[in-house]
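These notes concern the structure reproduced below.
The values are calculated or read from the model by the stated rules, or taken from the named source; none is laboratory data. Because the structure is a prediction, the values reported are computed rather than measured. Because the Cβ atoms are built from the backbone with ideal geometry, glycine has one as well, and the counts that use them run over all protein chains shown. Note: accessible area is taken over every heavy atom of the protein model, side chains too, but ligands, DNA and RNA are not part of it. Shrake-Rupley method; radii C 1.70, N 1.55, O 1.52, S 1.80 Å.
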Amino acid sequence: MEIMLAKTAGFCFGVKRAVDTVYEQVDKGNVYTYGPIIHNEEVVKDLQSKGVRIIENDEELEKLEEGTVVIRSHGVRREIYDIIREKSLELVDATCPFVKKIHNIVDKDSAKGKQIIIIGNKNHPEVMGIVGWCNQSPIVLESEEEARNLTISEKKDISLVAQTTFNHKKFNKVVEIFKEKGYNITVYNTICNATEERQKEAASIAKQVDAMIVIGGMNSSNTQKLYDISKKECANTYYIQTLVDLDLAAFESVGRVGITAGASTPNQIIKEVHGSMAEDFGTMFEASLAEENRISVGKIVKGTVIDVKDDEIILNINYKADGIITKNEYSNDINISLRDKVQVGETIEAKVIKTNDGDGQVLLSVKRVAAEKANEKLEEAYNNEEVLKGIVTQVLDGGLSVTVDEVRVFIPASLVSDIYEKDLTKYKDQEIEFKITEFNPRKRRIIGNRKMLIAAEKKAAKEALFARIQVGDTVEGNVKNVTDFGAFIDLGGADGLLHISEMSWGRVENPKKLFNVGDSVKAIIKDIQGEKIALSLKFEETNPWLTAAEKYAVGNIVTGRVARMTDFGAFVELEPGVDALLHVSQIAKEHIEKPSSVLSVGQEIEVKVVDFKLDEKKISLSMKVLLPDDDVEEVPAGEEVSTEE
């Protein structure tokens, strides 16, 4: 029997994070989870055995006097957080970041008056939690029929989100129905990428097997969807929670079995089911002695090394003649030393390429065996869309030649990166990852693609970044590009724009004088609009106006720099972010037509503060009152001085 185990089976990122979080808290004592931390009875039972208790409703939560409350991976409504804080309980939030992102979306959009539509099971705790973050009543629907029957005012703006574990194909169909109705709708595809990949792989495996096993808790929404998807492709699909539920008799006449598992299924349970299937139905194949003792071209033989020379290896292959492996047939690397690679007594597997090399010995090849195995490995990787690693052995005009074992894979220049790279020599001798996107060994055409991995990584990094950030957060990143209007900061998944107006409390003339590419920057997230992130360096604690009332009180004599001039006066920078007006009438005792006839931009001057209005952020100055002439009158505090330019 052949067993195909899904690579995506088992804990997803959010579930693993939630479970690990609870286990980290168990030693504290008085640890509770609001609802089961995940939909898996085995995990919940194990946590209960360690003293973790489940709070089923608000009433139970209200009765708690002390302890730690862990918010489950599905998330909860906003009121639960309020109760925990009011009770002064310790709050540990294990909500999946992708679910938390949905909370932020519906909170923000519903506050703007948009109608929220949630695609999912209204009785699922994740959906119930999302509903609890809406500022007005949302609409929850699960089927295409419900979508067709729903009528909303055409004037109403709509925001549509989905339960993270919702069926991706069904989601797309529901979205299409709403688009056909012509609504003004914003669609957020909030289905977890891991869920989508898990569902796609389950469907792919189910198409190839005679029977399918889906492992997961009976209350698990994502496992139920995996079962439905698998059942559609393979009639013999079985839904089990643990190995105990598995009836091995049902698989006695089955040739190929597929196994997948929900996002809340522990790896140990998956291993137990897989191991039991392999042990009970594994088949051993033994070749006959007659076949082993017959030597023919193309046959794979095993031999013991009896001698190693500079240019060849001699093997005992239990035949009337010894086997010979030349250096060229051992490896493509002409610089290797056979004596360093091979030891007497070692067992080597090789392919017969000549039964008589002219001297009565059998000519063998190791690298051809490696190449065949590598071809099999590459073909399997191609079929399963696996990620491979290889060393770049050559940089060609049109791309890279990468060696996997003894097979060459060509990666065209256009598929090396997601950006144009003129010089590929930096990849020489480097190990890189890629996927096979074309496999035809007969035509010696095996094409690799590194670009798709980079794009996928960036997409995942972007999703993770937007799932965890919000307006007001402080973030760190590196300067990616500097322009006349601002700097783009790489935040590890997406770029944020630090506009020239947000670089300082004062005026910035040229961003390129402040920042260089590669500089590390810590900034505040000022705004998030879709995939656009606006940054600022105007940290509130550095606002110069916080201390301006003391520094620039009326009567204080201060020094400033002339920043700019108009016909009615000069604006003096007292410090970055704090400008004050020196009216033309306050420059000298005699009449002056224009400030520029006396002052120049950049000039440092001493002035006296004659008026200060914090609410309007206006400061008026005078040079005239500092002149020695006794006839010069000071401007009384509070006198209105125009600051209009």
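Looking only at region 321-338, how many residues end up being open to solvent by 40 Å² or more (accessible area, probe 1.4 Å) and over 27 Å from ARG408 (Cβ atoms)?
Applying the first criterion (open to solvent by 40 Å² or more (accessible area, probe 1.4 Å)) to region 321-338 yields 322, 326-328, 330, 332-335, 337.
Now narrow it down to the ones that are over 27 Å from ARG408 (Cβ atoms): 322.
Number of matching residues: 1.
What number of residues within region 373-390 are in contact with a strand residue (DSSP E or B) (Cβ under 8 Å, 6 or more places away or on another chain), open to solvent by 70 Å² or more (accessible area, probe 1.4 Å) and under 30 Å from THR304 (Cβ atoms)?
1
For region 84-99, how many residues meet the condition of being within 27 Å of the chain's Cα centre (by Cα) and open to solvent by less than 10 Å² (accessible area, probe 1.4 Å)?
Number satisfying all stated conditions: 3.
Would you point out the residue of region 176-193, among those that are within 22 Å of ILE229 (Cα to Cα) and in contact (Cβ under 8 Å) with a residue 40 or more places away in the chain, that is most open to solvent (accessible area, probe 1.4 Å)?
Filtering region 176-193 for residues within 22 Å of ILE229 (Cα to Cα) gives 176-177, 189-193.
Applying the additional criterion that residues be in contact (Cβ under 8 Å) with a residue 40 or more places away in the chain yields 190, 192-193.
Details: THR190: 15, CYS192: 18, ASN193: 56 Å².
Once the filter is applied, the top-ranked residue is ASN193.
Of TYR23, TYR34, which residue is aromatic (Phe, Trp, Tyr) and surrounded by fewer than 19 Cβ atoms within 10 Å (Cβ to Cβ)?
TYR23
Mind listing whichever residues of region 617-632 are open to solvent by 100 Å² or more (accessible area, probe 1.4 Å) and either modelled with pLDDT of 50 or more or under 15 Å from VAL572 (Cβ atoms) (or both)?
LYS617, PRO628, ASP630
Do you know which of the residues in region 308-320 that are more than 15 Å from ASP340 (Cβ to Cβ) and of a type outside the set (A, V, I, L, M) is most open to solvent (accessible area, probe 1.4 Å)?
LYS320
Restricting to region 489-509, count the residues that are surrounded by 13 or more Cβ atoms within 10 Å (Cβ to Cβ), more than 30 Å from ILE411 (Cβ to Cβ) and either free of Cβ contacts under 8 Å to residues at least 12 places away in the same chain or of a type in the set (A, V, I, L, M, F, W, C) (or both).
Looking only at that region, the number is 7.
Which condition number in (1) within 24 Å of VAL366 (Cα to Cα); (2) in a helix (DSSP H, G or I) is the one that VAL409 fails?
(2)
Quick one: in region 339-358, which of the residues that are charged (D, E, K, R), touching a residue at least 24 places away in the same chain (Cβ under 8 Å) and within 30 Å of VAL402 (Cβ to Cβ) is surrounded by the fewest Cβ atoms within 10 Å (Cβ to Cβ)?
Once the filter is applied, the top-ranked residue is ARG339.
Residues to consider are ALA263, ALA250; find the one that is in a helix (DSSP H, G or I) and either closer than 13 Å to ALA202 by Cβ or over 32 Å from the mean Cα position of the chain (by Cα) (or both).
ALA250
Checking VAL402 against (1) over 30 Å from VAL106 (Cβ atoms); (2) not in a strand (DSSP E or B), which single condition isn't satisfied?
Evaluating VAL402 over (1) over 30 Å from VAL106 (Cβ atoms); (2) not in a strand (DSSP E or B) leaves (2) as the failure.
If you go through region 278-308, how many residues are in contact with a helix residue (DSSP H, G or I) (Cβ under 7 Å, 6 or more places away or on another chain) and at pLDDT 90 or above?
1
Exactly one condition in (1) under 16 Å from GLU24 (Cα atoms); (2) exposed (fewer than 13 other Cβ atoms within 10 Å of the Cβ) is false for GLN48; which is it?
Tallying (1) under 16 Å from GLU24 (Cα atoms); (2) exposed (fewer than 13 other Cβ atoms within 10 Å of the Cβ), GLN48 fails exactly one: (2).
Applying the selection to region 359-371, what residues are free of Cβ contacts under 8 Å to residues at least 40 places away in the same chain, open to solvent by 50 Å² or more (accessible area, probe 1.4 Å) and either in a loop (DSSP other than H, G, I, E, B) or under 14 Å from ARG444 (Cβ atoms) (or both)?
Within region 359-371, just ASP359 meets the criteria.
I want to confirm something. Restricting to region 57-83 and keeping residues that are closer than 22 Å to GLY120 by Cα and assigned to a loop (DSSP other than H, G, I, E, B), which single residue is farthest from the chain's Cα centre (by Cα)?
ASN57
The rows are residues; the columns are (1) at pLDDT below 90; (2) open to solvent by less than 30 Å² (accessible area, probe 1.4 Å); (3) in contact with a Phe, Trp or Tyr (Cβ under 7 Å, 6 or more places away or on another chain).
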| residue | (1), (2), (3) |
| --- | --- |
| ASP429 | no, no, no |
| PRO441 | yes, no, no |
| ALA467 | no, yes, yes |
| GLY472 | no, no, no |
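Which one of the conditions (1) assigned to a helix (DSSP H, G or I); (2) open to solvent by 50 Å² or more (accessible area, probe 1.4 Å); (3) in contact with a helix residue (DSSP H, G or I) (Cβ under 9 Å, 6 or more places away or on another chain) does VAL106 fail to meet, given that it meets all the rest?
So VAL106 meets the others, but not (2).
Counting just the residues of region 512-539 that are within 22 Å of LEU574 (Cα to Cα) and over 30 Å from the mean Cα position of the chain (by Cα), which one comes out surrounded by the most Cβ atoms within 10 Å (Cβ to Cβ)?
Out of the qualifying residues, it is LEU514.
Of all residues in region 309-335, which are aliphatic (A, V, I, L, M), modelled with pLDDT of 85 or more and outside any strand (DSSP E or B)?
We begin by selecting, within region 309-335, every residue aliphatic (A, V, I, L, M); these are 313-315, 317, 321, 324-325, 334.
With the extra rule that they be modelled with pLDDT of 85 or more, the set shrinks to 313-315, 317, 324-325.
Answer for region 309-335, where residues must be aliphatic (A, V, I, L, M), modelled with pLDDT of 85 or more and outside any strand (DSSP E or B): just ILE317.
So GLU457 fits all but one of (1) open to solvent by 40 Å² or more (accessible area, probe 1.4 Å); (2) touching a residue at least 24 places away in the same chain (Cβ under 8 Å); (3) under 30 Å from ALA374 (Cβ atoms); what number is the exception?
(2)
Identify all residues within region 110-133 that are outside any helix (DSSP H, G or I), of a type outside the set (Gly, Ala, Ser) and open to solvent by less than 40 Å² (accessible area, probe 1.4 Å); write none if there are none.
Of everything in region 110-133, those that are outside any helix (DSSP H, G or I), of a type outside the set (Gly, Ala, Ser) and open to solvent by less than 40 Å² (accessible area, probe 1.4 Å) turn out to be GLN115, ILE116, ILE117, ILE118, ILE119, HIS124, TRP133.
Name the single residue, out of those in region 540-580 being among the charged types (D, E, K, R) and within 39 Å of the chain's Cα centre (by Cα), that is most open to solvent (accessible area, probe 1.4 Å).
GLU541
Between residues in region 434-447 that are touching a residue at least 40 places away in the same chain (Cβ under 8 Å) and residues that are open to solvent by 50 Å² or more (accessible area, probe 1.4 Å) and of a type in the set (Ser, Thr, Tyr), which pairs lie under 7 Å by C-beta distance while being six or more apart or on different chains?
Pairs that qualify, where the first residue is touching a residue at least 40 places away in the same chain (Cβ under 8 Å) and the partner is open to solvent by 50 Å² or more (accessible area, probe 1.4 Å) and of a type in the set (Ser, Thr, Tyr), are ILE436/TYR382; PHE439/TYR382.
Would you mind finding the one in GLY486, GLY477 that is open to solvent by less than 20 Å² (accessible area, probe 1.4 Å), within 30 Å of PHE434 (Cα to Cα) and free of Cβ contacts under 8 Å to residues at least 60 places away in the same chain? Write out each step before concluding.
Details: GLY486 fails: within 30 Å of PHE434 (Cα to Cα).
Criteria check complete, one pass: GLY477.
I need the full set of residues from region 485-500 which are of a type outside the set (Val, Ile, Thr) and either touching a Phe, Trp or Tyr at 6+ places or on another chain (Cβ under 9 Å) or part of a loop (DSSP other than H, G, I, E, B) (or both), in order please.
Across region 485-500, the qualifying residues are PHE485, ALA487, LEU491, GLY492, GLY493, ALA494, ASP495, GLY496, LEU497, LEU498, HIS499.
How about region 135-165: which of its residues are under 26 Å from the mean Cα position of the chain (by Cα) and either part of a strand (DSSP E or B) or modelled with pLDDT of 90 or more (or both)?
SER159, LEU160, VAL161, ALA162, GLN163
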